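The values are calculated or read from the model by the stated rules, or taken from the named source; none is laboratory data. Worth saying up front: this structure is predicted, and the values here are computed from it rather than measured. Reconstructed Cβ throughout: ideal geometry from the backbone, glycine too, with neighbour counts over all protein chains shown.
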Amino acid sequence: MESTNRLTSDPLTTAPSASDPLTIDSLLDHVQAAPARLGRTRLISIDGPAGSGKSTLADRVAARAEARGLHTRVLRMDDLYDGWDGAVRGFALLRDHVLTRLADGREGRYRRYDWTTGAYAELHLVPATVELLIVEGVTSCDRDADAWQSLKIWIETTNEIRLERGIDRDGEALRDRWLDWMRWERDHFATENTRTRANLVVDGNPVVPHDPATELVTKSLNLPHDSAAS
């Protein structure tokens with residue numbers, strides 16, 4: 001396996017020593033206080049390298065949003081990718097068939113990619129009445145989505161932990177696929193400047209005591225003062 005610093009698109013930074021865990025509710029307060037940028041919907045995008053904890057984080061944010069009565073949907077980029085080599089197409093499908101339509105007041109729509117059959121399957125709809133859409137996965141914070149995002153989150157951990165998680169989930173037979181993906185996403189993140197553009201960098205394997213269901217351990221925080229601007 002390649003060294004950690006060669007596979008990452010940006011070196012890990014040290015969390016501010018004085019920072020306490022950040023509550024998910026405080027982030028949702030910030031998102032709700034600003035105008036929606038995606039039609040009537042507020043969009044939170046969660047990006048970061050594979051195996052860093054995006055899906056888990058998305059589920060926890062969704063749970064807190066639903067607890068406050070927000071009509072919430074989670075969309076996973078894994079359902080849009082055209083296989084291992086189809087992440088760019090997956091983002092294009094998100095942009096053109098979900099985000100653009102929601103911005104115009106129409107329902108978003110996409111077909112779920114079936115990784116077993118290697119083909120797109122059943123149609124899924126995203127109602128224009130959704131109050132909070134959480135999109136998680138590599139490419140979700142690509143620049144073409146900037147105008148619609150209320151919050152961009154980047155989550156990260158070491159390459160060793162990420163690869164271990166991936167092999168535990170997908171099996172040893174896919175190790176080479178994982179390594180190829182890690183190299184590809186490193187270059188893609190560098191091109192998109194994804195980590196630097198994020199409003200929030202989250203530790204995907206924190207040692208700081210916190211309640212993972214309600215709190216995040218952050219490495220950097222740069223929330224926009226007005227989510228409708230810039």
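Test L93 against the stated conditions and say whether it is aliphatic (A, V, I, L, M) and closer than 30 Å to L70 by Cβ.
Working: aliphatic (A, V, I, L, M): yes; closer than 30 Å to L70 by Cβ: yes.
Yes; evaluated as a whole, the condition is true for this residue.
Name the single residue, out of those in segment 21-39 being assigned to a loop (DSSP other than H, G, I, E, B) and touching a helix residue (DSSP H, G or I) at 6+ places or on another chain (Cβ under 8 Å), that is nearest to D211 (Cα to Cα). Full working, then the answer.
From segment 21-39, those assigned to a loop (DSSP other than H, G, I, E, B) are 21, 34-37, 39; that's our starting set.
Those still in the list that are touching a helix residue (DSSP H, G or I) at 6+ places or on another chain (Cβ under 8 Å) too: 37, 39.
On the way: R37: 30, G39: 33 Å.
Per the stated criteria, the residue is R37.
Yes/no per residue for (1) without any contact (Cβ under 8 Å) to a residue 40 or more places away in the chain; (2) out of contact with any Asp or Glu (no Cβ under 7 Å at 6 or more places or on another chain):
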site	(1), (2)
G137	no, no
D142	no, no
Q149	no, yes
I167	yes, yes
G171	yes, yes
L174	yes, yes
R177	no, yes
R186	no, yes
V207	yes, yes
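Quickly run through segment 97-122 and pick out the residues that are within 30 Å of L221 (Cβ to Cβ) and outside any strand (DSSP E or B).
Selection gives V98, L99, T100, L102, A103.
Output the strands (runs of 3 or more DSSP E) that fall wholly within segment 123-230 and possess 3 or more residues being at pLDDT 95 or above, touching a helix residue (DSSP H, G or I) at 6+ places or on another chain (Cβ under 9 Å) and buried (at least 20 other Cβ atoms within 10 Å of the Cβ), or say none.
On the way: elements: 132-136, 149-156, 200-203, 218-221.
Of the strands (runs of 3 or more DSSP E) lying wholly inside segment 123-230, those with at least 3 residues that are at pLDDT 95 or above, touching a helix residue (DSSP H, G or I) at 6+ places or on another chain (Cβ under 9 Å) and buried (at least 20 other Cβ atoms within 10 Å of the Cβ) span 132-136, 149-156, 200-203.
Is it the case that L43 is within 18 Å of the chain's Cα centre (by Cα), under 30 Å from W178 (Cβ atoms) and assigned to a strand (DSSP E or B)?
On the way: within 18 Å of the chain's Cα centre (by Cα): yes; under 30 Å from W178 (Cβ atoms): yes; assigned to a strand (DSSP E or B): yes.
Yes, satisfied.
Residue check: is G51 at pLDDT 95 or above, more than 27 Å from R175 (Cα to Cα), surrounded by 17 or more Cβ atoms within 10 Å (Cβ to Cβ) and not hydrophobic (A, V, I, L, M, F, W, C)? Let's see the steps before the verdict.
Working: at pLDDT 95 or above: yes; more than 27 Å from R175 (Cα to Cα): no; surrounded by 17 or more Cβ atoms within 10 Å (Cβ to Cβ): yes; not hydrophobic (A, V, I, L, M, F, W, C): yes.
Against the criterion (at pLDDT 95 or above, more than 27 Å from R175 (Cα to Cα), surrounded by 17 or more Cβ atoms within 10 Å (Cβ to Cβ) and not hydrophobic (A, V, I, L, M, F, W, C)), G51 does not qualify.
When the residues of segment 94-122 are narrowed to those that are closer than 12 Å to T41 by Cβ and among the acidic types (D, E), which ends up surrounded by the fewest Cβ atoms within 10 Å (Cβ to Cβ)?
If we filter segment 94-122 for residues that are closer than 12 Å to T41 by Cβ, which is where we start, we get 98-99, 101-108.
Filter once more, keeping what is among the acidic types (D, E): 104, 107.
Numbers: D104: 11, E107: 13.
Going through the qualifying residues, I end up with D104.
Out of the residues in segment 61-87 that are touching a residue at least 40 places away in the same chain (Cβ under 8 Å), in a helix (DSSP H, G or I) and in contact with a Ser or Thr (Cβ under 7 Å, 6 or more places away or on another chain), state the one that is nearest to E136 (Cα to Cα).
For segment 61-87, the residue satisfying everything is M77.
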